[in-house]
Amino acid sequence: MKKKLYILLAASALMLGISSCSDFLEEDNKAGETADLTYATSSGVKGLVSSCYSFARGWYGKEAGLGLSEMGTDLFCYGYDNKQKSLNSYNLSAESLDSNTSDNASLDHYWELFYSAVDVCNNALYYVPQNSVISETIRSQYMGEAYFMRAFYYLHMVNVWGPIPYNSEPISTIVTDPARVSEEVVYSNILSDLDNSIAAFEEAGYKIKTAGRANYWSARALKSRVLLYAASWLGKNSITTNSNYLGKDLYALAQAEAEAVIGSGIASFYSKYEDTWSMNNEDITVNKEAIWGVAYSPEITTTVNCIPYRYKTDSGGDQMEYNSLITRTGYTRGGSAMLLMFNSMWNNGASDLGGDGKEVFVRVLAATSTHAVTNTVTGLSVDVSAKYSPYGRGFTRYLPSLYLWNLLEEHRATDQRTEATLLDAYTIAPGLEGSSKKYTAMKDTAIYYCHLDGNSAEGKAMQAWAKNRYRIQFMSGGDIPVYSSSDPATALPTEAAKSKSDVYGDTRYNSYKIAGWCSFPGIKKFLDNVYDPNYPTWDISGRDAIVIRLAEMYLIKAECQLNTESGTTAMATINALRQVRAIAGTDNALSGTATLETVLGERAIELCGEQQRWFDLKRTHTLVDRVKKYNAQASGQIKDIHYLRPIPQAQIDAVTNFSKVEGEGFWQNSGY
């Protein structure tokens with residue numbers, strides 16, 4: 001019984017005790033209350049609606065969700081310690097790996113998590129209308145939130161797996177023969193939910209940003225994304241089972257929604273792009289550009305940020321935990337893991353910088369630790385906490401592809417986003433000048449990632465200049481290349497640094513830790529860049545995850561204009577965004593007529609790492625071509641079957657209507 005479709009069949013009574021997290025009701029049902037009685041109270045139904053959001057913390061800001069949304073694209077390669085390499089090599093199978101963390105796409109856990117989330121939303125949509133103690137305004141707000149979140153979860157599922165079972169009622173009985181419905185039906189239902197959400201928020205007058213809660217404008221922004229996804233993946237006139245959209249141009253509708261959000265005033269741009277990502281503005285209710293996101297409390301040492309326990313129980317009847325790739329730190333504390341995901345091994349690298357913090361670098365972990373480095377020349381002890389804590393920890397999970405690195409560098413002179421996105425240098429703490437034994441002329445820079453071929457004349461000149469000053473690693477070539485080639489189609493992160501005896505008579509470049517898959521230019525917009533002596537770099541952060549922001553609305557509008565108007569008007573919209581991102585006093589505009597390539601390039605620069613890229617390439621039918629063109633780690637295996645992920649084998653094993661014929665009964669996606 002426990003095995004049978006555990007991912008789909010959570011009884012509504014379980015809603016009384018999903019988790020010990022603060023967003024949920026108490027797990028221990030001491031008074032013997034039924035769901036009917038609990039959700040008839042103001043606090044009970046409030047807790048139920050709040051719980052609709054908690055599952056999103058298992059995807060946004062988490063390693064496993066990042067893997068399924070950014071790996072295997074044109075933008076990122078896996079680093080040395082990536083735990084989901086199969087997502088980039090496209091060596092995927094349907095096997096349910098459960099709690100394995102060595103190389104696990106976590107598809108089985110996400111199937112369970114998303115359907116559990118949908119069931120919570122279904123319970124909210126069932127119980128909120130029955131509650132007689134809340135006001136009509138609050139009732140409308142709650143209904144808007146529940147419809148929004150159900151649409152949100154189904155959008156992820158239909159894009160990951162294609163045709164899926166669609167549940168719109170709380171599950172109370174075991175179903176062993178679920179039906180997979182078409183993607184068009186799922187999209188039709190998602191659009192219906194969003195229309196209901198928008199109407200409910202309109203009735204409630206709920207149009208403000210509030211601590212991770214959906215509102216009228218976030219519903220319209222999500223609708224814009226959904227319409228674009230449906231138009232680009234299924235076709236602009238693809239919706240047939242929802243009469244409100246029958247025969248309508250989905251691109252035109254998506255554009256109209258994006259334009260409405262842009263003109264609403266719900267969000268605005270910072271004059272400095274880096275302010276969008278500053279920890280001073282991480283709260284989505286404070287962040288000017290944020291429209292909606294997943295809220296994390298800065299109180300990471302409590303359970304307030306944790307995700308729910310699984311519905312599946314162990315042999316003793318206790319609810320099980322999700323994979324640590326999803327929870328990151330388990331169920332005693334929680335938050336976003338994004339500060340760890342794009343970091344180079346700067347703090348415990350090869351011996352040229354003294355190894356594990358022995359000369360210039362030391363890892364900053366906790367407020368109770370001492371973070372000092374002794375200057376080898378002056379003998380003075382230097383507190384490095386404020387300087388090194390914002391660099392994060394060198395987890396080496398993801399490094400930018402050569403394509404992304406090239407793209408960011410192309411307009412460095414005019415575009416703020418390059419400097420605000422790319423972490424291409426590490427500098428030492430003041431007071432450590434001259435302390436490095438192998439770079440005796442070091443003044444500030446310790447490591448520099450240079451966007452040149454180290455074997456070129458300019459590269460050789462840079463190599464000569466850097467000698468004794470800092471470690472220099474080139475895009476390709478030179479003594480320590482990050483990539484094996486300057487051609488994005490063949491460039492692989494180097495995995496072993498060559499041994500090189502230099503004038504010091506030692507082997508300076510002597511470790512895999514200095515090779516490209518460990519030492520590379522990082523992405524810094526997710527780092528905890530503001531130092532707090534009481535909250536240094538942990539292994540998890542209280543940073544909110546911005547899911548929808550104003551820039552995306554411009555990018556949606558531009559992509560739609562390619563299909564509704566012209567490449568000329570699309571380019572005007574792109575340039576409106578690019579001028580906002582321009583370095584003061586420069587012209588950051590692109591010339592010519594926009595194409596889909598232009599839009600995808602702009603989305604890469606603006607949204608890299610924000611858990612959208614795989615979906616962008618999938619829905620535009622460009623995944624296979626662009627991966628072969630720009631990601632050598634993935635190009636050898638990828639093929640058309642990879643536009644959908646495999647249904648987890650645990651689900652296949654649980655059904656009684658499994659069929660080997662696609663479209664009949666419950667089938668596995670083709671090729672798995």
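Odds and ends about this structure:
- For LYS629, the conditions (1) crowded, with 21+ Cβ neighbours inside 10 Å; (2) more than 18 Å from ALA94 (Cα to Cα) are fulfilled apart from (1).
- Test: residue in region 645-654 that is of a type in the set (A, V, I, L, M), closer than 30 Å to THR418 by Cβ, touching a residue at least 24 places away in the same chain (Cβ under 8 Å) and in a helix (DSSP H, G or I): no
- Count - residues of region 467-479 that are over 23 Å from LYS437 (Cα atoms) and part of a strand (DSSP E or B): 2
- Positions within region 577-635 being among the small types (Gly, Ala, Ser), farther than 20 Å from PHE342 by Cβ and in contact with an Asp or Glu (Cβ under 7 Å, 6 or more places away or on another chain), in sequence order: ALA582
- Some residue of region 164-174 being without any contact (Cβ under 8 Å) to a residue 60 or more places away in the chain and among the aromatic types (Phe, Trp, Tyr): yes
- Inclusion of LEU87 among residues that are under 30 Å from the mean Cα position of the chain (by Cα) and at pLDDT below 95 is not warranted.
- Residue satisfying all of: in region 114-159; touching a helix residue (DSSP H, G or I) at 6+ places or on another chain (Cβ under 9 Å) and outside any helix (DSSP H, G or I); surrounded by the fewest Cβ atoms within 10 Å (Cβ to Cβ) among these: VAL133
- Lone unmet requirement of (1) closer than 20 Å to MET345 by Cα; (2) modelled with pLDDT of 90 or more for ALA497: (2)
- Residue in region 589-622 that is farthest from GLY67 (Cα to Cα), counting only those that are within 14 Å of the chain's Cα centre (by Cα) and assigned to a loop (DSSP other than H, G, I, E, B): CYS608
- A single member of ALA489, ALA464, ALA496 is surrounded by fewer than 17 Cβ atoms within 10 Å (Cβ to Cβ) and in a helix (DSSP H, G or I), and it is ALA464.
- So ILE300, is it touching a Ser or Thr at 6+ places or on another chain (Cβ under 9 Å), within 26 Å of VAL118 (Cβ to Cβ), in a loop (DSSP other than H, G, I, E, B) and assigned by TED's automatic domain parsing to the domain that holds TRP161: no
- Taken over region 434-472, the criterion of being without any contact (Cβ under 8 Å) to a residue 24 or more places away in the chain and not aliphatic (A, V, I, L, M) is satisfied by ASP444, ASN455, SER456, GLU458, GLY459, LYS460, GLN463, TRP465, LYS467.
- The C-beta contact set for region 86-106 (first residue in a loop (DSSP other than H, G, I, E, B), second residue of a type in the set (Ser, Thr, Tyr), distance under 7 angstrom, 6+ apart or interchain) comprises LEU92/SER86; SER93/TYR672; ALA94/TYR672; THR101/SER324; ASP103/SER86; ALA105/SER86.
- Failed item in (1) assigned to a helix (DSSP H, G or I); (2) over 23 Å from GLY516 (Cβ atoms), with ALA366 passing the rest: (1)
- Subset of region 445-478 (residues that are of a type in the set (A, V, I, L, M) and over 36 Å from the mean Cα position of the chain (by Cα)): ALA457, ALA461, ALA464
- Among (1) over 30 Å from ALA589 (Cβ atoms); (2) in contact with a strand residue (DSSP E or B) (Cβ under 9 Å, 6 or more places away or on another chain), the one test that THR376 misses: (2)
- Residue in region 604-623 that is surrounded by 20 or more Cβ atoms within 10 Å (Cβ to Cβ) and in contact with a strand residue (DSSP E or B) (Cβ under 7 Å, 6 or more places away or on another chain) present: yes
- Members of region 306-352 that are under 23 Å from SER50 (Cα atoms), in contact with a strand residue (DSSP E or B) (Cβ under 8 Å, 6 or more places away or on another chain) and of a type outside the set (Gly, Ala, Ser): TYR309, ARG310, TYR311, LYS312, GLN319, MET320
- Among residues of region 301-324 being without any contact (Cβ under 8 Å) to a residue 60 or more places away in the chain and of a type in the set (Ser, Thr, Tyr), the one that is surrounded by the most Cβ atoms within 10 Å (Cβ to Cβ) is THR301.
- Residue, surrounded by the most Cβ atoms within 10 Å (Cβ to Cβ), within region 539-561, restricted to residues that are in contact with a Lys or Arg (Cβ under 9 Å, 6 or more places away or on another chain) and not in a helix (DSSP H, G or I): ALA545
- In the set TYR398, TYR439, TYR391, only one residue is outside the structural domain of GLY65 (by TED's automatic domain parsing) and modelled with pLDDT of 95 or more; that residue is TYR398.
- Subset tally (residues that are over 18 Å from TYR535 (Cα atoms) and part of a helix (DSSP H, G or I)) for region 387-405: 4
- Number of residues in region 432-461 that are assigned to a helix (DSSP H, G or I) and out of contact with any Asp or Glu (no Cβ under 7 Å at 6 or more places or on another chain): the value is 4.
- Residue that is surrounded by the fewest Cβ atoms within 10 Å (Cβ to Cβ), among those in region 325-383 that are β-branched (Val, Ile, Thr) and closer than 24 Å to ASN534 by Cβ: THR368
- Applying the condition of being of a type in the set (Lys, Arg) and surrounded by fewer than 22 Cβ atoms within 10 Å (Cβ to Cβ) to region 384-405 and asking which residue is farthest from LEU87 (Cα to Cα) yields LYS387.
The values are calculated or read from the model by the stated rules, or taken from the named source; none is laboratory data. Just so it is clear, the structure is predicted and the values come from calculations on it, not from any experiment. So basically every Cβ, Gly included, is an ideal-geometry build from the backbone, and we count neighbours across all protein chains shown.
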